[in-house]
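Report on the structure given below.
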Amino acid sequence: MSFEFRIPSFEGESKPKTRDAGVQAFFDPEFLKKLERLRLVAKRLSWSGFKGEHPSLRKGFSLEFSDYRKYQRGDDLRYVDWNIYRRLDRLCLKLFTAEEELNVYLMIDTSRSMAEGDPPKIEYAKRVAAALGYIGLKNLDRVGATAFSARALLPLEMGRGRRQILALFSFLAGLSCRGETDLEGAAQSFAAVFPRTGLVVLVSDLFDPEGWRAGLEALLRKGYQVLVIHILDEREISVAPRGDVSLFDVESERERRLFLDDALVERFDEELRDYLKAVESFCISRNVDYLRTTTATPFEDFVLLTLRQIRSVR
């Protein structure tokens, strides 16, 4: 077994761990109030003209005030600010920013490797996806979701409002891990299910034997804006044991026994650094928002602090 880009589990096969505690277990009321202060924003996209809460560059008549300009003959008198006219005896027209709808798509990796970790990466991923979906729905965006391993599976149809929040939480609570990762195949089937452009939030450990790069390229070619949430477990990035060990790849179910010495650990660390650097560099070069975290990072800190650093959330 190669160390390249695949992080195996030590000491035998890992058994999937799931802790679905139902829809109500995702967040407490105080945390939901904090989430409402965040807002998903779209950039670099040409929206389809539906009204939502995301300002475009063109002016129009909407609920979001933008500026004033001098009244000109033929302007709609309904948009004259009569308070200014009474005070200054000047006719000024109120301008509003045209606001447009954002489609938010959640792609959650449910391959077998996501069941690894303590807590399991899939549980962390569910909470991240639920948080971002909740933010979008509270801001009147349309939100949909899909799980994937070899291909996009179990799509949650696009929707908005309170009903969609409950549907999203129920959808996430029912996810379990199985199968190998094929991000490129998943991206292609995802595009067939959700053909309209929007913000794709990819939540994954990116352990793909055929390459995460092709999957991200497939999404970008379709015109989606992409936010990558890269979730790892501390034990996957820090090799503790020495001596005779058994490495087990939970997705391919291949096992390899070897003697782990300092030189091999150093090689592992080097391969891991190169892998993480390659992912981050690719995302920077393609204007993809990228965040990496481990399940050891408190979830609230990641959502409320780290997510504020990227362009897709404010």
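The values are calculated or read from the model by the stated rules, or taken from the named source; none is laboratory data. From a predicted model like this one, the values you see are computed outputs, not experimental measurements. Cβ atoms come from the backbone with ideal geometry, glycine included; neighbour counts cover every protein chain shown.
What are the pairs with Cβ atoms under 8 angstrom where one residue, in the range 215-230, is outside the structural domain of F282 (by TED's automatic domain parsing) and the other, located anywhere, is surrounded by 17 or more Cβ atoms within 10 Å (Cβ to Cβ)? Sequence gap at least six, or different chains.
none
So K126 ticks every box in (1) over 14 Å from the mean Cα position of the chain (by Cα); (2) surrounded by 20 or more Cβ atoms within 10 Å (Cβ to Cβ) but one. Which box is left unticked?
For K126, the exception is condition (1).
Restricting to the range 261-314, and then to whatever is among the acidic types (D, E) and outside any helix (DSSP H, G or I), can you tell me which residue is surrounded by the most Cβ atoms within 10 Å (Cβ to Cβ)?
D289
With R254, R267, R314, R273 as the choices, which residue is modelled with pLDDT of 85 or more and of a type outside the set (D, E)?
R273
Tell me the residue from E180, E123 that is under 25 Å from V303 (Cβ atoms) and not hydrophobic (A, V, I, L, M, F, W, C), please.
The conditions single out E123.
Which one of these is under 25 Å from Y275 (Cα atoms), surrounded by 15 or more Cβ atoms within 10 Å (Cβ to Cβ) and either touching a Phe, Trp or Tyr at 6+ places or on another chain (Cβ under 6 Å) or among the basic types (K, R) (or both): R254, R221, R178?
On inspection, the qualifying residue turns out to be R178.
Being in a helix (DSSP H, G or I), in the same structural domain as I108 (by TED's automatic domain parsing) and free of Cβ contacts under 8 Å to residues at least 24 places away in the same chain, is that true of even one residue in the range 172-189?
no
Of everything in the range 265-277, what is free of Cβ contacts under 8 Å to residues at least 24 places away in the same chain and within 15 Å of G243 (Cα to Cα)? Give them in sequence order.
E266
Just checking, which of S113, S66 is modelled with pLDDT of 80 or more and under 43 Å from the mean Cα position of the chain (by Cα)?
S113
Scan the range 142-163 for residues that are outside any strand (DSSP E or B) and surrounded by 21 or more Cβ atoms within 10 Å (Cβ to Cβ) and jot them down.
The answer is S149, and nothing else.
What is the residue count in the range 190-223 for residues that are more than 17 Å from R292 (Cβ to Cβ), of a type in the set (F, W, Y) and in a helix (DSSP H, G or I)?
Residues flagged as more than 17 Å from R292 (Cβ to Cβ), of a type in the set (F, W, Y) and in a helix (DSSP H, G or I) within the range 190-223 amount to 1.
Looking for something farther than 20 Å from P119 by Cβ and at pLDDT 95 or above - is there at least one such residue anywhere in the range 230-251?
no
Test I135 against the stated conditions and say whether it is under 27 Å from E36 (Cβ atoms) and out of contact with any Phe, Trp or Tyr (no Cβ under 7 Å at 6 or more places or on another chain).
Yes, satisfied.
So, R314, is that one among the charged types (D, E, K, R) and within 24 Å of F31 (Cβ to Cβ) or not?
It is true that R314 is among the charged types (D, E, K, R) and within 24 Å of F31 (Cβ to Cβ).
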